[in-house]
Every structure is written in structure tokens, then in C-alpha cells.
1. Among the residues of region 87-139 satisfying the criterion of being small (G, A, S) and out of contact with any helix residue (DSSP H, G or I) (no Cβ under 7 Å at 6 or more places or on another chain), which is most open to solvent (accessible area, probe 1.4 Å)?
2. Picking from Y12, Y54, which residue would you name as being open to solvent by 50 Å² or more (accessible area, probe 1.4 Å) and assigned to a helix (DSSP H, G or I)?
3. Quick one: in region 142-165, which of the residues that are hydroxyl-bearing (S, T, Y) and part of a loop (DSSP other than H, G, I, E, B) is most open to solvent (accessible area, probe 1.4 Å)?
4. Would you mention how many residues in region 15-51 are surrounded by 11 or more Cβ atoms within 10 Å (Cβ to Cβ) and of a type in the set (S, T, N, Q)?
5. At least 2 residues that are of a type outside the set (S, T, N, Q) in each: list the strands (runs of 3 or more DSSP E) lying fully within region 71-125 that qualify.
6. Restricted to region 57-86, and to residues that are more than 19 Å from Y153 (Cβ to Cβ) and acidic (D, E), which residue is least open to solvent (accessible area, probe 1.4 Å)?
7. Given the conditions (1) open to solvent by less than 90 Å² (accessible area, probe 1.4 Å); (2) at positive phi, and given that V170 satisfies all but one, which numbered condition is not satisfied?
8. Failed condition for E61, given (1) within 30 Å of S83 (Cβ to Cβ); (2) in a loop (DSSP other than H, G, I, E, B); (3) among the acidic types (D, E), with all others met?
Amino acid sequence: MNIRNIFGILSYTISVLVFSITFVAFALTYSRVIAEKLNLTTDTVYLSGTGSMYPTFPKGEGKTYSELRKQIVDAPQMNRYPSGFEIFGKKFFSYELKRGDIVSFKNAKTIEITQKEGGPIGFVKRIIALPGDKIEIRDGNVYINGEVLLEPYIARARSTFGDITLKECVPLTIPEG
């Protein structure tokens, strides 16, 4: 084997290596962009210590509500919604929300509420009803379409009471959207 063949092989090997590294870098970057566009990525959601989702998520150790709001007790990764894409009427990588799912959301009202106290902005809650369902709170229980909702994930049975958003003993039909 002469020196010319060795340099030829070496040159070819280096070219293949450079192409491979460039291709992998491009593929990784491009796949991240695609995943972002299709909402197939996760977000870290910072949870305050208010205990509104206890025992699913831990309570904080502050003495006042303001202290609890400012304390971060967990930071789970949550999938984005909506996700996926549609081709010729068929959905790929999509997910339909269902009862029991835990979601993080923010809108003008949640931002207004959470900015008053400091800490994370937005809410983390469990879906208990879907569009078209009739929900009612009565005597500490939640009723969905006239049936008592079994809530094994709450700290105390019969501990849900009406408030500003959903008044006690006033049925509400969940709207679309």
C-alpha cells in the first residue's frame, strides 16, 4: 500500500465522520424543532405549597398562606396540550383529556390571583368533569351527572364545598372549551 492510498482512505474516513457528525447534529436540532411545533415536549411546572392538591402533591411548611404560596414543593414534568398532528383526518401523537388527568393552566384570572401572592403563576388541578357533564357540590360531595364522585385522591372524604366559582347546591353544566 502506498502513501497515496493511505491518504485517500484517511480523507474518505474523515469526510464520512464529518458528514455523520453534521447529520446527527442536524437531526437532533430538527427533531427538537418538530417536537416543539407538535407540542410533544414537556414543561416543568413549579408547584407552590398551598396544599390544594394534597396528598397528590406535598404541602408546604409555611405558617401563612402567603408563605405557602412562595414555597416550591414539587416540579413535575407535564405534557403540553393540545399535542400531535392530523393527516387526512387521522390524528397522530394526540391526547384527549379525560377525568382524573392533572393539568396545569393559566389565563388572565389565574394570573391575577397568583400574582397577588407571589410564587408560581397558574393553577394545577385535576379534571373531574368534561364538556356536557353536569356538576354539583352538595354536603361536601361532588356530583357528576347526578352520581357522587369517588375521590380516592383527596385527603378527607366529604371535604369539597362551594365557593365563588361553583356555589353549593347549584348545578352547572360544563361548557365546550
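1. Per the stated criteria, the residue is A108.
2. Numbers: Y54 fails: assigned to a helix (DSSP H, G or I).
It is Y12.
3. Applying the filter and picking the extreme gives T165.
4. So the count comes out to 6.
5. 72-74, 85-87, 90-92, 102-105
6. E67
7. Evaluating V170 over (1) open to solvent by less than 90 Å² (accessible area, probe 1.4 Å); (2) at positive phi leaves (2) as the failure.
8. Tallying (1) within 30 Å of S83 (Cβ to Cβ); (2) in a loop (DSSP other than H, G, I, E, B); (3) among the acidic types (D, E), E61 fails exactly one: (1).
The values are calculated or read from the model by the stated rules, or taken from the named source; none is laboratory data. These numbers come from a predicted model, not from an experiment. As a convention, Cβ positions derive from the backbone with ideal geometry for all residues, glycine included, and neighbour counts pool all protein chains shown. When the accessible area is computed, the model is the full protein with side chains, heavy atoms only, and any ligands, DNA or RNA have been set aside. Shrake-Rupley method; radii C 1.70, N 1.55, O 1.52, S 1.80 Å.
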